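Participant: Supplied in structure tokens, the structure appears directly below.
The values are calculated or read from the model by the stated rules, or taken from the named source; none is laboratory data. Just so it is clear, the structure is predicted and the values come from calculations on it, not from any experiment. Cβ atoms come from the backbone with ideal geometry, glycine included; neighbour counts cover every protein chain shown.
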Amino acid sequence: MKVFISGNIADSGLKLLAQNNIIVSNWKEARQITSSELIDACRDVDALVSVGPNKLDASFLQSCKHLKVIALHSVGFDNVDVEEARRLNIPIGNTPGVLSGATADTAFLLMLAVSRKAFYLHKKILNGQWQNYEPTPELGIELHGKTLGIFGMGKIGLEMAKRCIGAYQMKVIYHNRNRNEQAEAVLGAKYVSFDELIEKSDVISVHTALTPETKGKFDMAVFKKMKPRSIFINTARGGIHNEEDLITALQNKLIWGAGLDVTNPEPMSVDNPLLNMESVAVLPHIGSATQETRNAMADLVAKNIIAGLRGEKLPHQV
């Protein structure tokens, strides 16, 4: 059996595939593989490990309907036509759970960095602008006792809430399609409407999937309803916020700041105004980028592939 991997995954996953006599071929270019190149690469293999934002739409799936399984090196599957895959009987696997802690750490890091203008002030050192001590310029804001609003209280949102309660005794409110009884019982989180979430939160952290309902959800109308000293954090998908509206909201001081691990588009342009704003912190989509997490993701990817090639139910199937 053969599998094509459209990027690099941790060695632990490759070893697991090799131990099961699965022959691996890799995309070796530094750039992202194109749709046509991905189709060509999959013609003579039995399975695909999709690394990165490859568009696995109906056209791709029709061209590669011989594939026995597709394993995503991610939790998100907004780039996959899941219905078409089901129609063609191609199981799609993802990697939930194993990256929740690492991604929550990234959201927490961004929240703290934004609250203290850390990225902006670090740049001033690099630019030789560290002047004599002054007690009042460029002050940050404190997080202790503030209200954290979670949009999408799944595993990652739950981990983010735990960190904020433990570090800053923050109050937690959340909005979901469905109530999260675990979050309510363990954390005392309160379920609220979306309007109440955006109006009462001091920090809003986004941890939902990108769907037609959430695409562009955080736009100018939403930013106008947020507190002027609120912080917007997005470690989910860039398409959930309208980036032009976010820039305008920050420029007009409708909100305090923003921390982004995801942007729209990705990679972000070097002349994007967000990169030079005082209360903004941007990271290059590193939410799950720890050695431990990437090893766990690679192992889960391999297990999804192995099960699919055996005709078994995937450990984690979309």
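Participant: Inside the range 98-144, can you point out the residues that are charged (D, E, K, R) and over 16 Å from Ile286 (Cα atoms)?
Facilitator: Arg116, Lys117, Lys123, Lys124, Glu134, Glu138, Glu142
Participant: Go through (1) exposed (fewer than 15 other Cβ atoms within 10 Å of the Cβ); (2) more than 19 Å from Ser100 (Cα to Cα); (3) in contact (Cβ under 8 Å) with a residue 40 or more places away in the chain and name the single condition Ser269 misses.
Facilitator: (3)
Participant: Could you look through the range 26-50, keep only residues that are part of a helix (DSSP H, G or I) and within 20 Å of Pro91 (Cβ to Cβ), and pick out the one that is nearest to the chain's Cα centre (by Cα)?
Facilitator: Leu38
Participant: So, of the residues in the range 197-221 that are among the polar types (S, T, N, Q) and touching a Phe, Trp or Tyr at 6+ places or on another chain (Cβ under 8 Å), which turns out to be nearest to Ile247 (Cα to Cα)?
Facilitator: The qualifying residue nearest to Ile247 (Cα to Cα) is Ser205.
Participant: Got a sec? Which of Asn295, Asn276, Asn264, Asn252 is surrounded by fewer than 20 Cβ atoms within 10 Å (Cβ to Cβ) and not assigned by TED's automatic domain parsing to the domain that holds Ala104?
Facilitator: Only one candidate passes the filter, namely Asn295.
Participant: How many residues, within the range 1-25, are touching a residue at least 24 places away in the same chain (Cβ under 8 Å) and either in a helix (DSSP H, G or I) or small (Gly, Ala, Ser) (or both)?
Facilitator: 9
Participant: Mind listing whichever residues of the range 218-237 are outside any strand (DSSP E or B) and crowded, with 18+ Cβ neighbours inside 10 Å?
Facilitator: Those that are outside any strand (DSSP E or B) and crowded, with 18+ Cβ neighbours inside 10 Å: Val222, Phe223, Met226, Lys227, Ser230, Thr235, Ala236, Arg237.
Participant: Counting only residues that are polar (S, T, N, Q) and in a strand (DSSP E or B), how many does the range 59-85 have?
Facilitator: Residues in the range 59-85 being polar (S, T, N, Q) and in a strand (DSSP E or B): 0 in total.
Participant: Would it be correct to say that Glu142 is within 16 Å of Ile231 (Cα to Cα), surrounded by fewer than 19 Cβ atoms within 10 Å (Cβ to Cβ), out of contact with any strand residue (DSSP E or B) (no Cβ under 7 Å at 6 or more places or on another chain) and in the same structural domain as Met220 (by TED's automatic domain parsing)?
Facilitator: Judged against the criteria, Glu142 is a match.
Participant: Restricting attention to the range 195-214, and to residues there that are in contact (Cβ under 8 Å) with a residue 24 or more places away in the chain and in a helix (DSSP H, G or I), which single residue is nearest to Gly152 (Cα to Cα)?
Facilitator: Leu197
Participant: Among the small types (Gly, Ala, Ser) and either over 21 Å from Phe108 (Cα atoms) or at pLDDT below 95 (or both): which single residue out of Gly166, Gly188, Gly128 fits that description?
Facilitator: Within the list Gly166, Gly188, Gly128, the selection yields Gly128.
Participant: Let me ask another. Tell me, please, whether a residue that is of a type in the set (Asp, Glu), surrounded by fewer than 20 Cβ atoms within 10 Å (Cβ to Cβ) and under 18 Å from the mean Cα position of the chain (by Cα) can be found in the range 102-118.
Facilitator: Yes, there is a match, as at least one residue in the range 102-118 is of a type in the set (Asp, Glu), surrounded by fewer than 20 Cβ atoms within 10 Å (Cβ to Cβ) and under 18 Å from the mean Cα position of the chain (by Cα).
Participant: Residues in the range 155-172: is at least one out of contact with any His (no Cβ under 8 Å at 6 or more places or on another chain), over 19 Å from Pro96 (Cα atoms), surrounded by fewer than 17 Cβ atoms within 10 Å (Cβ to Cβ) and basic (Lys, Arg)?
Facilitator: No, the range 155-172 contains no residue that is out of contact with any His (no Cβ under 8 Å at 6 or more places or on another chain), over 19 Å from Pro96 (Cα atoms), surrounded by fewer than 17 Cβ atoms within 10 Å (Cβ to Cβ) and basic (Lys, Arg).
Participant: Scanning for something closer than 18 Å to Gly101 by Cα and either among the aromatic types (Phe, Trp, Tyr) or modelled with pLDDT of 95 or more (or both), does the range 214-232 turn up at least one residue?
Facilitator: No, the range 214-232 contains no residue that is closer than 18 Å to Gly101 by Cα and either among the aromatic types (Phe, Trp, Tyr) or modelled with pLDDT of 95 or more (or both).
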